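Just so it is clear, none of the values below were taken in a lab; they were calculated from the coordinates. Computed from a predicted model, the values in this text were never measured in an experiment. Note: ideal-geometry Cβ built from the backbone for every residue, glycine included; neighbour counts use all protein chains shown.
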Amino acid sequence: MTINKIKIGARIYSIKKIKFDKPSDNEEIQGYIDYDQSLIAINDSLSQDAEEEALIHEILHAVIDRKNIEILTRKCDIEELVENIVTYLTPRMHSFLKDNPDFLESIKK
């Protein structure tokens, strides 16, 4: 992973590879986001593909505002739900990709 900072909305997050302790339940933690520290931490023992997937996973946590998702997931049929989520994510992902032009290039390598 060659990218070490990304902009999501108005916030810039540092991206760091960190050695995670093995949890007692033996389930490997791949990453986490610390909103207070503007940090995305990725487990340093992952393969490149798993590392990239973990980063995308944490980015989506930052992009998706839980309050808005609650509104989007109100009672509706599955087609409306999918459309609501896609409509919500489209401008946010567009902004993310424009604000981070090197992101896609960094996961192609």
Gain in span if fully extended, A50 to T2, counting 0.36 nm per residue against the direct Cα distance: 15.8 nm
Quick one: which residues, 5+ away or cross-chain, put their amide H under 5 Å from the amide H of I18? H built at 1.01 Å from N. I42, N43, D44
Which longest run of the chain has no exposed loop site in it, a site being GluC sites (Glu not before Pro) in a DSSP loop with at most 15 other beta carbons within 10 Å, and the site itself not part of the run? 29-109
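Gain in length, V63 to Y35, computed as 0.36 nm per residue apart minus the alpha-carbon separation, to one decimal in nm?
Values: separation 28, 0.36 × 28 = 10.08 nm, distance 1.16 nm.
Working it through step by step, the gained length comes to 8.9 nm.
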Return the Rg/Rh value of the chain, two decimal places, where both radii are evaluated on C-alpha atoms and Rh is the Kirkwood radius. 1.01
CD proxy, 222 nm, the chain: helix-only mean residue ellipticity via -39,500 (n - 2.57) per DSSP H run with n ≥ 4, per residue, nearest 500, stands at -15000 deg cm²/dmol
